[in-house]
Amino acid sequence: MTVRIDEAKVFKIIEEKRPKVILVNAPGGLLRQTKDLMERVKEKYGVTSIMSGDSCFGICDTADDEVEKLQADLALHLGHNAAVTEVGDYTYLVDAVDDVEFSEVVDVAARVLAPYKRLGLATFSQHLHQLGPVKEKLESRGFQVRVGKKNGLMLEGQIFGCDFSTSYPIRDDVDAFALLGESEFHAVGLALATGKPTFMLDPYMNEVTDMREAAEERRKRAILAVYKARDARVFGVVTGLKEGQKMLGRSSWIAKRLEMNGRKVVQLAMRDVTPERLAPHREIEAFIQTACPRISVDGFTFDRPVLSIPQADALVALIEGREPGEFLERSKWIELTVGLIKR
Ligand code: SF4
């Protein structure tokens with residue numbers, strides 16, 4: 001497997017903008033390639049790169065706010081492409097593409113997915129270029145294949161761990177979803193958000209995994225956390241400080257609804273929502289965080305309920321005597337603000 005950063009795009013940006021200092025942020029899996037790139041940029045153009053040492057999990061982790069603080073001229077956010085290519089005043093999104101092939105795993109999928117005639121295809125940034133070839137191959141095996149349309153933030157067939165707005169609208173037109181790539185994180189999210197059987201096509205091991213069991217386990221945990229939080233009297237409502245996921249409006253709506261229903265609320269803000277950061281707030285019995293929903297859906301290490309936005313909606317419904325329904329089945333679990341901070 002080789003993940004290649006779109007170096008040509010980086011060079012083009014540098015030649016056009018002629019920066020002296022650039023800020024670079026990238027997910028942990030790309031650190032080596034990013035450092036190599038920084039060296040090449042230094043050698044070729046004499047440009048100094050500063051790598052952000054903060055966590056970078058998704059497209060929400062752009063570092064536009066930091067550019068001025070570091071007296072840099074622009075920022076490169078690597079590895080999370082989208083329909084938007086520029087963010088805020090300084091940031092350029094740069095793709096990283098995985099050159100792994102899917103032909104063998106598609107052969108396996110054609111056998112495993114035989115009971116499902118109508119398939120929805122989805123993937124994440126690194127494999128987007130494989131959607132077309134895989135679609136063709138599956139169609140040649142007799143499947144009807146749909147790929148979700150692009151929208152203001154996402155490219156055709158693309159999903160993030162919190163945004164399924166390409167795939168969700170086609171869920172009633174397909175019998176199952178196939179997620180290209182070795183990412184239980186994305187596959188479980190897709191299964192939960194669409195409520196459809198979802199299979200992960202792993203091109204490294206050439207395995208096809210049915211995600212229903214893993215998704216059901218997360219769904220049950222999410223529901224249990226909501227019911228546990230219902231009994232809490234003191235809530236912490238946490239707003240994330242990452243620039244692509246600042247949900248102040250949602251935080252204040254949730255805080256108001258809880259207070260209207262007799263709960264005490266302490267509002268907090270933090271960059272990374274972790275067990276260590278929440279631990280000192282001993283008087284708080286349950287948290288609601290409007291940052292990354294996967295902190296709640298996949299976070300197994302918290303000692304008190306920590307609810308995401310869809311879970312908070314379910315909690316408010318429960319407290320107010322309404323049925324929460326299948327609250328994870330929705331197009332987006334958070335309205336990422338990254339697409340809104342355009343130049
Ligand atoms: S908020 Fe969305 S894009 Fe950001 S890390 Fe979480 S799942 Fe990924």
Out of A291, I254, Y90 - ranked by how far each Cα lies towards the positive end of the dipole of the chain, with unit charges on the beta-carbon of charged residues - the top one is I254
Using modelled amide H (1.01 Å from N, peptide plane; none on Pro or chain starts), what sits under 5 Å from the amide H of S49, excluding residues fewer than 5 places away?
I22
Calculate log10 I(q)/I(0) of segment 241-312 for q = 0.16, 0.23 Å⁻¹, where I(q) comes from the Debye formula with a single equal point scatterer on each Cα and nothing for solvent.
-0.53, -1.16
Label-to-label distance, nm, for residues given as K256 and E207 (7 Å Cα→Cβ offset)
4.9
Counting alpha carbon pairs within less than 8 Å and at least 6 residues apart, what relative contact order, in whole percent, applies to the chain?
15
Cα-based convex hull volume of segment 216-340 per residue, rounded to whole Å³:
97
Step through the table entries K69/K149; K17/K137; K35/K69; K69/K264; K149/K256, compare each Cα-Cα distance with 32 Å, and write down the pairs that go over it.
K69/K149; K17/K137; K69/K264; K149/K256
Per the Kirkwood definition applied to all pairs of different Cα atoms, how many angstroms is the hydrodynamic radius of segment 103-210?
13.2
The alpha-carbon center of segment 35-113 and that of segment 122-169 are separated, in whole Å, by 20
Along the charge dipole of the chain, pointing to its positive end and built from +1/-1 on Cβ of Lys, Arg, Asp and Glu, which listed residue (A191, G240, F11) has its Cα farthest out?
G240
Segment 3-96: C-alpha pair distances exceeding 20 Å, %:
24
Charged-residue dipole, Cβ positions (Lys, Arg, Asp, Glu), the chain about Cα centre, Debye nearest 20:
880
Förster radius 35 Å - calculated FRET efficiency between E184 and R230, Cβ distance, rounded to 0.05:
0.75
Along Cα→Cβ, 7 Å out, is where each label goes; now give me the distance between the ones at D89 and D107 in nm to one decimal.
5.5
Please report, in debye to the nearest 20, how large the charge dipole of segment 98-195 is about its Cα centre when each Lys and Arg carries +1 at its beta carbon and each Asp and Glu carries -1 there.
420
Considering only DSSP beta bridges with both partners in segment 1-99, what is the antiparallel share in %, to the nearest 5?
30
Evaluate the charge dipole of segment 3-96 about its Cα centre and quote only its size in Debye, nearest 20, assuming +1 on the Cβ of each Lys and Arg and -1 on the Cβ of each Asp and Glu.
420
Against the 2.2 N^0.38 Å rule of thumb, the C-alpha Rg of the chain sits at a ratio of 1.04
Given the candidates Y116, Y45, V67, the one whose Cα lies deepest towards the positive end of the charge dipole of segment 1-124, counting +1 at each Lys or Arg C-beta and -1 at each Asp or Glu C-beta, is Y116
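We did not get these values from a lab; they are worked out from the coordinates using the rules stated. Being a predicted model, the structure only gives us computed values, none of them experimental. Quick reminder, even Gly has a Cβ in these numbers, built from the backbone with ideal geometry, and neighbours come from all protein chains shown.
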